[in-house]
Amino acid sequence: MTLGTDKLVQHLSESLPRWLFAATAALTVILLISIFIFLFVTGINAFGSIGLKEFFWGTDWNPASFHTPSWGIFSLILGSLMVSFISLLISVPFGLSIAIYLAEIAPPKTRETLKPVIEMIASIPSVVLGLLGLLFLAPITAGLFGLSNGLNAFTASILVAVASLPTITSVSEDALSSVTYKFREASLALGATKWVTIKKAVIPAAKSGLVAAIMLGLGRVIGETMIVLMVAGNSRALPSSFLDSVQPMTATIAIEIKEVVIGTLHWQSLFAIGLVLFTITFIVNFLADLLIHKK
Amino acid sequence: MDKTAIKIENLNVWYNGLQALKNVDLTIYQNQITALIGASGSGKSSLLRSLNRMLDITPNAKVDGRILFNGENILSQNTDVIALRRKVGMVFQNPTPFPKSIFDNIAYGLQVQGINKKRLGRFLGMFNYKTNTEEIEKSQNPINLAVVKSLKEAALWEEVRDRLWQSAFRLSGGQQQRLCIARAIAVRPEILLLDEPCSELDPISTRKIEELLINLKSNYTIVIVTHNMHQAKRLSDYVGFFYLGRLLEFGRTKEIFTNPSQPITNEYVRGDFG
Amino acid sequence: MKNNLRETIYFLIFKTSAFLGIFILLLVLLLLFISGYSVIDWTFLASGWQHRDIARGGIFPAILGSIYLGIGVTLISFSLGVGTAVFLTEYNKNNLTRRIFQLTIRNLAGVPSVVYGLFGLAVFVNFFSLGTSLLAAILTLSIMTLPWIITASVEALESVPQKFRESSLALGASHWQTISKIILPAAIPGSITGGVIAIARALGETAPIIFVGATFYLSNLPSSLFDKFMALPYHTFILATQHSSPLATSYAAGTALVLILLTFLLSLGAIILRYYYRKKKDW
């Protein structure tokens, strides 16, 4: 039973798969890390050349201007925030309600059929939502508020809310379902009604998961590109109301990247915006992750 | 005089720094059933698992000492652990059939040794073409032979002969455990280790397995860890009593149960603790 | 009594929300169908794109482009993703490595798709000089899909009970034999169902492919990996926003309809498969 020559073959047939899998994992890590590195390296240059104050607080974004290019992304950030705010205002209560229904009220059969249906909403490509916004929602908004067209932050927010609904719903539902059965039993045994149990026992217990759901929803809405590109109006002027056209950060990148020359400051500044987006979403996801997995 | 199958010398086992087995010297005799008894945590399972180097995959387990089997120390670095495990088989506490058919479960041990169905059989197997039972019984194919033989030895053949291709999970708990035994003996080990094999089974299944083990004794050396004193008394030829990590007493079953030399042993076998 | 009324009202609100959700899904499908069904016929699906007179042409190149993308992304992201997952669960002993990996991967899943597009542009199109091409787009979308596939595969692998591994090793199987004969076969179905949903989403993405190779003005079908290509989402986008023909909107809707059918079929298929697989699983 000691090592011999045919043991060498056996040894190889063990270490070969091992090395193969390790190499695959290493490749994956390298790829994923390099996303950040590329963004960082290219974007940092822009920060250096433009200056952080001008970049973040300047309200004028006009990099293609011949004489005096300006690099302030404040109106872009504001655009992103405005869309996100209204979207969450709609989708958080909506998503939470659905989650409560699924986790606490719905009979098992209904729950089993409804959950996948809500999940399917996430499979709607955002370009499709954008198209429907152009065709149907924008005219409605225009008519409702007496505008020339309905391409503004408000219209976009409604569609983004739909896009983010599945995320908020499923994370909330997970959080509520994982509140242990004993909790509810105890509350009901004390004579509390079902609603009171949900309101005072289950929801507080699921609090961190619910907050995580909102954060993940935020990450989702800030990162939405196609809907805002098609429906938000794409005006770079500083918005003053939700009915103004806006150009969030994501749309800016998508519009301008095709016309920009590699290596120019304009190119680098788009990467800088990408870096800002990456950082925001990464932090939001990271915190949400901690909340979900804290025990 | 009974022949020695395994000689354990000065065995020590630690988990995460805590010592679970202390200076154990023990002899396992060939073609005998040796029972290891003692309270939970007394070290009996640790001893069992060091006999087939399963402690290798337990995180943070450290083993020291010598275990002599077929003239070699199996705890040495040079030991071919895979070949060892083909000679020393193990059945676990809860039945663990693989998510495969009954036939494929038994055949697994042979397949990993490289004994495979002839190419045609494997090819047809991909399309779920299953040979019927009569053909299998008459077949000279090494895998078919081994499967039939093991199932017969494990007293399971009659119960499963008509459903060899069904999932092993459709069997009852007791049948699954006998399947695991059949699976273990299909590779023709010399030693069979069983770690509380009946603790999750009903009395009837337990009885069937105990009868099975007594019949297997003539072809295999059996070491069984058990919590059940009566089982140990019924089944075994030799008994080792473990207490707080030490082998307190070892000897022929009859003597240990009627006239143990240690007072603690006496208390345990009478059921005063454990 | 007051409490009961309150409860009833609240529960009604919740129930309505849920069914409103379904309603929205149906509404989307309905509106899309109304806007686009009129242009769908065999010509639409099977002919090449006629730029000047779009009524004479069809979206076949876009359909083909999306299919090519789908195949490429599946091949790359599954091999990298499942391989990484196997390493993490079966070979890696270091707990810290594993936690860092899982944290990074979960968070990368939340990064906006346009950022992946930027990355694809910088790395594949420029740095590796692949140019705007099918290959660059496949690689970009694969990286975007990787975190999902890894997560689904790790989950599937971890759900295989430890006792299978123990029993296999005790029978004298090697580590690799255990992985290839017992663990992977048990985990693959779960990994596939999770992965297919991710691939369906990747097929619907526009932003990442806008700048790495998707185009609108192609006269021939892509013949190599280095060609530009057309794709359904991008095609929809351009028709909806930048085309001057009066028919553009209905053609956009028609294209969108084909796209959503494709992604829905895949997602629905995966969900149904997942349902049956869970029912059938016997451990």
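Normalising by the residue count of chain B, find the relative contact order in percent from Cα pairs under 8 Å and 6+ residues apart. Let's see the in-between values first.
Working: 487 pairs, mean separation 77.7, N = 274.
Answer for chain B is 28 percent.
Sort C:47, B:167, A:87 so the one with the fewest other Cβ atoms within 10 Å of its own Cβ comes first.
Values: C:47 14, B:167 17, A:87 28.
Arranged by neighbour count, lowest to highest, C:47, B:167, A:87 become C:47, B:167, A:87.
I want the antiparallel fraction of DSSP beta bridges within the protein assembly as shown, as a percent rounded to 5.
Values: 27 of 47 bridges.
Bridges in the protein assembly as shown are about 55 percent antiparallel.
Report, please, the projected area of the protein assembly as shown averaged over directions, based on the convex hull of its C-alpha atoms, in nm². Don't jump to the answer; show the numbers that get you there.
Values: hull surface 180.3 nm².
Mean shadow area of the hull around the Cα atoms is 45.1 nm².
Among the chymotrypsin sites (Phe, Trp or Tyr not before Pro) within the stretch B:165-274, which fall in a DSSP loop and have no more than 12 other Cβ atoms within 10 Å of their own Cβ?
Working: sites: B:165, B:169, B:220, B:238, B:241, B:242, B:243, B:250, B:257, B:268, B:273; in loops: B:165, B:220, B:273.
Those satisfying the criteria are B:273.
Averaging sequence separations of C-alpha pairs under 8 Å and six or more residues apart, then dividing by the length of the stretch B:137-274, give the relative contact order as a whole percent.
Values: 122 pairs, mean separation 21.2, N = 138.
Here the relative contact order equals 15 percent.
Would you mind getting me the FRET efficiency between residue B:57 and residue C:180? Use the beta-carbon distance for r and R0 = 25 Å, nearest 0.05.
0.90
Taking K and R as +1 and D and E as -1, what net charge do the other residues with C-beta under 14 Å from the C-beta of residue B:159 add up to? Walk me through the intermediate numbers first.
Working: positive: B:152, B:161, B:163, B:170, B:178, B:208; negative: B:153, B:158, B:162.
Around residue B:159, the charge tally is +3.
Determine the sum of side-chain charges near residue A:160: Lys and Arg each +1, Asp and Glu each -1, restricted to other residues whose C-beta is under 10 angstrom from that of residue A:160.
Values: positive: A:220; negative: A:224.
That sum, taken over residues with Cβ under 10 Å, equals 0.
Kindly provide the trypsin sites (Lys or Arg not before Pro) of the stretch C:82-162 that DSSP labels as loop, not H, G, I, E or B, and whose Cβ sees at most 15 other Cβ atoms within 10 Å. Write down the numbers at each step before the final one.
Numbers: sites: C:93, C:98, C:99, C:106; in loops: C:93.
The qualifying sites are C:93.
Tell me, what HN-Hα J-couplings in whole Hz come from the Karplus equation 6.51 cos²θ - 1.76 cosθ + 1.60 at θ = phi - 60° for each residue of the stretch A:159-172, using x for Gly and Pro?
Values, residue by residue: 5, 5, 4, 4, 5, 8, 4, x, 4, 4, 4, 6, 5, 4 Hz.
Return the FRET efficiency for the residue pair residue B:237, residue B:138: r is the Cβ-Cβ distance, R0 is 35 Å, and the value is rounded to the nearest 0.05. Intermediate values should be presented prior to the final figure.
Numbers: r = 38 Å, r/R0 = 1.08.
After rounding to 0.05, the efficiency reads 0.40.
Got a sec? Charge dipole of chain B, +1 on Cβ for Lys and Arg, -1 for Asp and Glu; which of B:139, B:32, B:180 is way out at the positive end?
B:139
Which trypsin sites (Lys or Arg not before Pro) from the stretch A:193-278 combine a DSSP loop assignment with at most 11 other Cβ atoms within 10 Å? The partial results should precede the final answer.
On the way: sites: A:194, A:199, A:200, A:207, A:220, A:236, A:258; in loops: A:236, A:258.
Those that pass, being in a loop and sparsely packed, are A:258.
About its Cα centre, what dipole magnitude does the stretch C:35-185 give when the only charges are +1 on Lys and Arg Cβ and -1 on Asp and Glu Cβ, stated in debye to the nearest 20? Write out the running numbers ahead of the final one.
On the way: 9 positive and 6 negative charges, 65 e Å.
It comes to approximately 320 debye.
Compute the distance in nm between two label points, each set 7 Å from the Cα along the Cα-to-Cβ direction, one at residue B:31 and one at residue A:11.
Simple spin-label model gives 3.9 nm for this pair.
For the stretch A:75-293, what does the relative contact order come out to in percent, with C-alpha contacts under 8 Å and a separation of six or more? Could the numbers behind the result be given before it?
Values: 304 pairs, mean separation 66.0, N = 219.
Reported relative contact order: 30 percent.
Would you work out the charge dipole size for the protein assembly as shown about its Cα centre, treating the Cβ of every Lys and Arg as +1 and the Cβ of every Asp and Glu as -1, and quote it to the nearest 20 debye? Walk me through the intermediate numbers first.
Numbers: 71 positive and 52 negative charges, 311 e Å.
The calculated dipole for the protein assembly as shown is roughly 1500 debye.
Computed from the coordinates by the stated procedures, all read-outs in this text should not be read as laboratory data. This structure is a prediction, so every number in the text was calculated from the model and none was measured. Methodologically, a virtual Cβ is constructed for each residue, glycine included, from the backbone with ideal geometry; neighbour enumeration extends over all protein chains shown.
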